[in-house]
Amino acid sequence: MSGKLTYKQSGVDTKEAQAFVSDISTHVKRTQQNRKLHQAFGLFAAAYDLSSYSEPVIVTGCDGVGTKTEILFELDMLETAGKDLVAMNVNDILTTGGDPLLFLDYLGISNLETERPRITRLVAGMCDYLQDCNCILAGGETAEMPGVVPENIVELSGFCIGCAEKKDLIDPTTVTTGDILIGYKSDGFHANGWSLVRRVIEENPDVISESDLRTLLAPTRLYHDVVNDMRSMNIIPKAYAHITGGGLPENLERFLGDYGADLVIPVWDNEGAQKILAYVDEHDRFNTFNMGIGWVAIVKPEDVEQAVKAGPGGTVIGTLRPGHGINVTVK
């Protein structure tokens, strides 16, 4: 040894990074059982052959899991964090009518040697969901940043690339008075509003049991089942909405323009959620949480009977009317 510093001594171990890639290789292969990459370019980049599309339109999404990750890590629910990361991105792609093709993740950590088992489980969770929706884990970045990222913290973000035939793109500008809004159940708070949930728990530590909390931490539901069923029934929706931060009002108002709706949603049959909501402002809750509805499809009246059967948990929640604004009440 020369006595001079090495990269490993500064806290970054490139050999450990190579070993991590080997650790996750079997999970990555699970996402390539149906779709295949065209080339991997030595893992510097990945390519996908779009020649099976006549008029391909690329659609993209980028999202994270937010402060929910803190509780997930505290309760050792690492696979759930990986699933959340995928669903938050894939669902956004699905709103366009596009197929999610490629997914990439970014993981920022302090030390790969100590974090390797945990982030391997994160990737395993990602691949569970990616395999479900036929999307390839095409690559990503694991950044070892000692002194910048605190120990036991993982910076987590994801990126999804999808594609649609131009003629099959969902066009929300086609909505009109009388179109029907169908809501589909969520599996919990998904990955939004957790800063408020954490504040409620911090101020009221006995409000919820760990068992209830684990139920609330269920991963964000993938709504590819709804989209696939719609396609199989030859239903062309006017619009889709993934209900994330801002709740039903914000996520619908962003594309409805001069149209609006007075929505009536079912009481959220989730004991843990109701315990948290008892401490939340009665108005603000609708602008923060999905309130039990994680996905909305807008369809023509003649398609309603079939559309409520697309995926589990579909129910009519309102009718489009002239006049801007989304009002939500619980029946």
### Query
Just for segment 106-143: of the residues that are closer than 22 Å to LEU50 by Cα and buried (at least 22 other Cβ atoms within 10 Å of the Cβ), which one is farthest from the chain's Cα centre (by Cα)?
ALA138
### Message
Looking for something out of contact with any Cys (no Cβ under 6 Å at 6 or more places or on another chain), in a helix (DSSP H, G or I) and either among the polar types (S, T, N, Q) or closer than 22 Å to MET230 by Cβ (or both) - is there at least one such residue anywhere in segment 50-70?
### Response
yes
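Residue check: is GLU165 of a type in the set (Asp, Glu), open to solvent by 20 Å² or more (accessible area, probe 1.4 Å) and closer than 30 Å to LYS15 by Cβ?
Numbers: of a type in the set (Asp, Glu): yes; open to solvent by 20 Å² or more (accessible area, probe 1.4 Å): yes; closer than 30 Å to LYS15 by Cβ: no.
No.
Do you know which residues across segment 7-59 are of a type in the set (Val, Ile, Thr) and modelled with pLDDT of 85 or more? Quick ask: steps written out before the conclusion?
Applying the first criterion (of a type in the set (Val, Ile, Thr)) to segment 7-59 yields 12, 14, 21, 24, 26, 28, 31, 57-59.
Answer for segment 7-59, where residues must be of a type in the set (Val, Ile, Thr) and modelled with pLDDT of 85 or more: ILE24, THR26, VAL28, THR31, VAL57, ILE58, VAL59.
Collect the residues in segment 178-200 that are outside any loop (DSSP other than H, G, I, E, B) and either without any contact (Cβ under 8 Å) to a residue 24 or more places away in the chain or surrounded by fewer than 16 Cβ atoms within 10 Å (Cβ to Cβ) (or both), keeping them in residue-number order. Show your work before the answer.
If we filter segment 178-200 for residues that are outside any loop (DSSP other than H, G, I, E, B), which is where we start, we get 180-185, 194-200.
Scanning segment 178-200 gives SER195, ARG198, ARG199.
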### Task
Name, by its number, the condition in (1) open to solvent by less than 30 Å² (accessible area, probe 1.4 Å); (2) part of a loop (DSSP other than H, G, I, E, B) that does not hold for PRO146.
(1)
### Query
Across segment 111-139, what is the total count of residues that are of a type outside the set (A, V, I, L, M, F, W, C), at pLDDT below 95 and out of contact with any Leu (no Cβ under 7 Å at 6 or more places or on another chain)?
6
### Query
If you check ASN152 against the conditions, is it open to solvent by 60 Å² or more (accessible area, probe 1.4 Å), more than 18 Å from PRO56 (Cβ to Cβ) and out of contact with any Cys (no Cβ under 8 Å at 6 or more places or on another chain)?
yes
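Scan segment 165-187 and give yes if some residue there is of a type in the set (Phe, Trp, Tyr) and under 23 Å from GLY314 (Cα atoms), otherwise no.
So the first thing to find is which residues in segment 165-187 are of a type in the set (Phe, Trp, Tyr), and the list is 184.
Restricting the remaining residues to those that are under 23 Å from GLY314 (Cα atoms) gives 184.
Yes, because at least one residue in segment 165-187 is of a type in the set (Phe, Trp, Tyr) and under 23 Å from GLY314 (Cα atoms).
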### Summary
Restricted to segment 51-78 and to residues being over 21 Å from the mean Cα position of the chain (by Cα) and open to solvent by 50 Å² or more (accessible area, probe 1.4 Å), the residue nearest to HIS190 (Cα to Cα) is PRO56
### Message
So for segment 207-217 (the condition being without any contact (Cβ under 8 Å) to a residue 12 or more places away in the chain, open to solvent by 20 Å² or more (accessible area, probe 1.4 Å), among the acidic types (Asp, Glu) and over 30 Å from GLU302 (Cβ atoms)), does at least one residue qualify?
### Response
no
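Are any of the residues in segment 97-105 of a type in the set (Gly, Ala, Ser) and outside any loop (DSSP other than H, G, I, E, B)?
no
The values are calculated or read from the model by the stated rules, or taken from the named source; none is laboratory data. Values in this document were obtained by computation on a predicted structure and should not be read as measured data. Note that we place each Cβ from the backbone using ideal geometry, even for glycine, and neighbour counts take in every protein chain shown. Only protein heavy atoms, including side chains, enter the accessible area calculation; ligands, DNA and RNA are left aside. Shrake-Rupley method; radii C 1.70, N 1.55, O 1.52, S 1.80 Å.
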